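Notes follow the structure.
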Amino acid sequence: MKVCIAYESKYGNGQKCVEHLKDIISNKGHAVDLFSVRDVKPNELLQADIYVFSAPTQIGSPARKMKKFLKKINITQEGSKYALITTHSSDTTEVLKKMEKLLQPTGMTKITDGLKIKVTGMKGPLEDSYEEKLEAFANDILGSG
Ligand SMILES: Cc1cc2nc3c(=O)[nH]c(=O)nc-3n(C[C@H](O)[C@H](O)[C@H](O)COP(=O)(O)O)c2cc1C
């Protein structure tokens with residue numbers, strides 16, 4: 001399985017999550033690439049079986065850089081799948097639904113309900129259980145194919 005992770009992170013909490021996710025996935029023997037949306041253009045994403053997009057919740061929406069990225073994404077590999085992550089500081093977030101809507105035109109298939117990871121303050125730190133949540137998320141996405 002080949003996994004491509006693209007993320008945005010302002011204070012580094014989301015980055016810490018996706019770096020950990022990358023380690024989990026590669027330790028399970030899968031190929032995984034990790035990119036910041038600040039460094040890669042939406043049409044430059046490598047081909048993958050599963051795409052993971054991760055962004056902080058900001059003003060009730062995905063962070064602007066991720067929003068712009070998802071709007072322009074152009075994935076042509078038939079049967080591509082995706083899963084979403086958001087970090088957030090309030091008790092709830094509707095951002096995963098908003099990200100899903102932005103990806104609808106691509107025709108990619110959503111493979112999990114996504115992962116919400118709470119930060120205990122605006123700048124972090126991450127909730128205690130973030131590593132277990134990421135382990136379960138990795139098992140979910142890798143088991144989906
Ligand atoms: C401008 C701004 C707006 C934010 N708005 C929200 C919000 O509406 N809801 C929420 O739960 N968290 C909000 N946050 C907190 C972010 O979700 C939190 O800083 C982020 O998840 C941390 O991840 P990061 O370190 O990867 O940036 C906001 C943060 C910033 C900087």
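Data table
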read-out: Mean separation of Cα contacts under 8 Å, 6 or more apart, over the residue count of the chain: relative contact order %; value: 25 percent
read-out: Highest-MSF residue in the chain out of Ser89, Ser54, Ser26 [GNM, Cα springs under 10 Å]; value: Ser26
read-out: Sum of side-chain charges, Thr112 neighbourhood, beta-carbon under 13 Å (Lys, Arg +1; Asp, Glu -1); value: +1
read-out: Restraint check, Lys2/Lys110; Lys68/Lys97; Lys28/Lys116; Lys2/Lys72, Cα-Cα greater than 19 Å; value: Lys28/Lys116; Lys2/Lys72
read-out: Proximal charge balance of Gly124 [Cβ under 13 Å; K/R count +1, D/E count -1]; value: +2
read-out: Under 12 Å from Lys71, Cα to Cα: aspartates and glutamates that are on another chain or at least 8 residues apart; value: Glu100
read-out: log10 of Debye I(q)/I(0), alpha-carbon scatterers only, for segment 42-103 at 0.18 Å⁻¹; value: -0.62
read-out: Where chymotrypsin sites (Phe, Trp or Tyr not before Pro) fall in DSSP loop in segment 77-140, at most 11 other Cβ within 10 Å; value: none
read-out: Cut-off 15 Å between beta-carbons: net charge of the residues surrounding His30, Lys and Arg +1, Asp and Glu -1; value: -1
read-out: Segment 1-84: C-alpha gyration tensor shape, a/c 1.5 cut-off, then a/b vs b/c; value: oblate
read-out: Two-decimal Rg/Rh across the chain, once Rg and the Kirkwood Rh are taken from alpha-carbon atoms; value: 0.92
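All of the numbers you see were taken from the coordinates with simple rules; none came from a lab. This one's a predicted model, so the numbers in the text were calculated from it and none came from an experiment. Using ideal geometry, Cβ is built from the backbone for each residue, glycine included, and neighbour counts are taken over all protein chains shown.
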